[in-house]
Amino acid sequence: MRRRLFGVTASVASFGLLGSLVTACGSSGNDATTLRLVAAEYGDSPATSSKAYWDKLTADFSRTHPGKKVEVTLYPWADVDREVTRMVQEDNAPDVALMGAYSDFAAQGRIYAASEVMSIRAEANFLRPLAEAGSFDGTLYGLPFVASSRLLFYNEELFDEAGARPPKTWSDLKDAAKALKKEGVLYPYALPLGPEEAHAEALIWELSNGGGYTDSSGGYSIASEQNTQTFRWIKDNLVLPGLTGPVPPAELNRQDAFAAFLRGDVGMVNGYPSLLHEAKAKGMKVGTLRMPVSDTLGEGETPPAAGVADWMMAFRHDGNRELVGSFLNFVYEDKNLSEFAGRYHLLPSTVSATQASRYAAADPSAEQFLTALRSAELYPVDEPSWLQVSNTIKRNIGKAVAPDADPRTVLERIAQQARDAAQQS
């Protein structure tokens with residue numbers, strides 16, 4: 001395991017729907033003609049569900065590959081990793097999965113290497129930093145799908161009313177939050193450390209103080225001195241003064257924070273491209289900037305932005321290699337990958353699709369996310385224990401900023417669980 005600095009990254013930037021079964025062109029079962037795909041649901045309502053995309057893509061695939069069928073099961077992001085893990089444990093893994101981690105399955109020898117199921121051209125087309133992040137023991141197993149980075153969003157109208165200025169440092173952020181609170185803003189700074197995606201918000205803050213989840217040697221460093229200082233500062237300067245809103249951070253999920261931002265109840269929140277698109281569609285005036293940095297960082301130090309990748313992987317079953325290969329090469333054609341990325345205002349994972357991205361071409365604001373992505377840091381997804389560790393972080397890291405908590409104690413408890421998981425993987 002080692003720290004990942006990468007160029008175009010991805011976002012597990014999705015919203016939960018009830019798990020739904022989407023059937024395209026046939027019935028279930030592992031055989032030479034029927035492919036089973038389990039994928040995360042990227043929509044937040046029936047109108048935006050991923051079902052429409054997969055219905056069209058699988059119909060097109062079956063039309064161009066006579067006799068081949070695809071079945072797609074969608075799960076909310078909160079459930080998909082757990083459901084795929086359950087299927088694997090029950091010896092009922094799908095042929096292909098789209099989810100948030102891959103390396104635990106690679107370590108178990110359960111998934112194909114990219115070279116076994118993709119053309120040389122398709123494998124070489126992945127953006128290099130993403131391909132590196134998708135590699136386990138030097139071999140590409142996790143196929144990056146879509147990408148994004150995180151920036152700090154601020155409501156320009158609320159800032160103007162409060163006389164606040166866009167923050168560049170933590171102290172600037174605190175001053176802006178105090179001014180927003182004085183004007184009656186419900187959430188001066190929305191701090192979503194609830195279980196939905198606490199690991200993303202936590203990483204953003206850790207990076208802004210020179211920390212992160214891993215150290216230069218690749219080991220987990222969750223309870224590092226920098227991270228401890230970060231959560232202590234958040235607790236003392238934002239949470240205790242009441243600058244993070246009425247919902248305790250450990251109970252505030254990202255989706256709820258975003259909804260509050262779109263209602264005009266949030267002054268600042270970390271977000272990704274699709275949130276900016278939604279805000280602009282509502283006529284909101286939104287500013288974006290890199291996450292403010294700790295006042296203790298040296299002059300000129302520019303920490304990386306946070307990035308997240310969503311991964312496709314192909315599970316080994318007797319007789320499914322040819323069908324899986326045909327499907328994956330089809331999915332990663334520019335028109336198909338770009339269609340999905342554009343639908344959710346994310347960034348495709350390949351060189352050719354990124355260059356042809358209609359979203360980036362149509363929305364000049366996308367360039368700022370691309371710029372941030374070029375130096376962003378990814379979760380340690382090449383560590384087989386990361387799926388378990390990330391779940392531990394999601395459930396517990398919000399406790400580090402509770403009014404009666406000692407941040408160091410909370411982080412050390414999480415760090416010990418991370419070490420145990422790493423030893424077992």
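Highest mean first, the peptides 107-114, 369-376 sorted by other C-beta atoms within 10 Å per residue fall in the order 369-376, 107-114.
Bridgeable lysines around Lys394 (alpha carbons under 28 Å apart, same-chain partners fewer than 8 residues away excluded): Lys51, Lys168, Lys174, Lys178, Lys181, Lys235. Magnitude of the charge dipole for the chain, about its Cα centre and with charges confined to Cβ atoms of Lys, Arg (+1) and Asp, Glu (-1), is about 360 debye. In terms of overall dimensions, the C-alpha atoms belonging to the chain reach 65, 48, 37 Å along their principal axes, ordered largest to smallest. Ligands, DNA and RNA excluded, the heavy atoms of Phe159 present near 0 Å² of accessible surface to a 1.4 Å solvent probe.
Modelled spin labels at Asp236 and Arg419, positioned 7 Å past Cα toward Cβ, are 2.6 nm from each other. Ranked by the mean number of other Cβ atoms within 10 Å of their residues, highest first, the peptides 95-102, 281-288, 144-151 come out as 144-151, 95-102, 281-288.
Relative to the current alpha-carbon distance between Arg128 and Ala47, full extension at 0.36 nm per residue lengthens the span by 25.7 nm. If both residues of a DSSP beta bridge must be in the chain, then about 70% of such bridges are antiparallel. Working from Cα pairs under 8 Å separated by at least six residues, relative contact order for the stretch 291-362 is 18 percent. A Förster radius of 35 Å combined with the Cβ-Cβ distance from Ser216 to Ala402 puts the calculated FRET efficiency at roughly 0.70.
What is the sum of charges, Lys and Arg at +1 and Asp and Glu at -1, for the other residues whose Cβ falls under 12 Å from the Cβ of Asp79? Local net charge: -2. By the Stokes-Einstein formula, at 1.567 mPa s and 4 °C, the stretch 144-190 with its Kirkwood radius over alpha-carbon pairs has D equal to 112 µm²/s. Ordering of 347-356, 179-188 by packing is 347-356, 179-188, highest average first (other Cβ atoms within 10 Å, averaged per residue). Which residue, Ala202, Ala405, Ala223, has the most motion in a Gaussian network model of the chain that connects Cα atoms within less than 10 Å? Most flexible of the set in this elastic network: Ala405. The Cα-based radius of gyration of the stretch 122-174, divided by its Kirkwood radius, gives an Rg/Rh of 1.33.
How large a share of the accessible area of the stretch 37-87, in percent, is made up of carbon and sulfur atoms when the probe is 1.4 Å and the other protein chains stay in place? So the carbon and sulfur contribution to the accessible surface is 59 percent. Going by a ≥ b ≥ c, the root eigenvalues of the Cα gyration tensor, does the stretch 240-306 fall in the rounded group (a/c under 1.5), the prolate group (a/b larger than b/c) or the oblate group? Oblate.
Considering only Gly398, Ala366, Ala422, and ranking their Cα positions along the charge dipole of the stretch 334-425 that arises from unit charges at the beta-carbon of Lys, Arg, Asp and Glu, the one farthest toward the positive end is Gly398. Across the chain, the relative contact order, built from alpha-carbon pairs under 8 Å that are at least six residues apart, equals 27 percent. Across the stretch 312-425, C-alpha contacts under 8 Å between residues 6 or more apart give a mean separation that, scaled by the residue count, equals a relative contact order of 15 percent.
Accessible surface calculations at 1.4 Å, restricted to protein heavy atoms, place the chain at 39 Å² per residue. Count the net charge of all other residues whose Cβ sits under 15 Å from the Cβ of Lys168, scoring Lys and Arg as +1 and Asp and Glu as -1. Cβ neighbours under 15 Å give a net charge of -2. Helix content alone sets the calculated 222 nm mean residue ellipticity of the chain: runs of n ≥ 4 DSSP H residues at -39500 (n - 2.57) each, divided across all residues, give -11500 deg cm²/dmol.
Accessible surface ranking for Thr244, Thr409, Thr169, 1.4 angstrom probe, highest first: Thr409, Thr169, Thr244. Taking the Cα centre of the stretch 271-411 as origin and assigning +1 to Lys and Arg Cβ atoms and -1 to Asp and Glu Cβ atoms, the resulting dipole is close to 420 debye. Counting only protein heavy atoms and a probe of 1.4 Å, the accessible surface of the stretch 294-407 is 49% carbon and sulfur.
The values are calculated or read from the model by the stated rules, or taken from the named source; none is laboratory data. Here the structure is a predicted model, which means the values were calculated and not measured. Please note: Cβ atoms are built from the backbone with ideal geometry, for glycine as well, and neighbour counts cover all protein chains shown. With ligands, DNA and RNA removed, areas are computed over all heavy atoms of the protein, side chains included. Shrake-Rupley method; radii C 1.70, N 1.55, O 1.52, S 1.80 Å.
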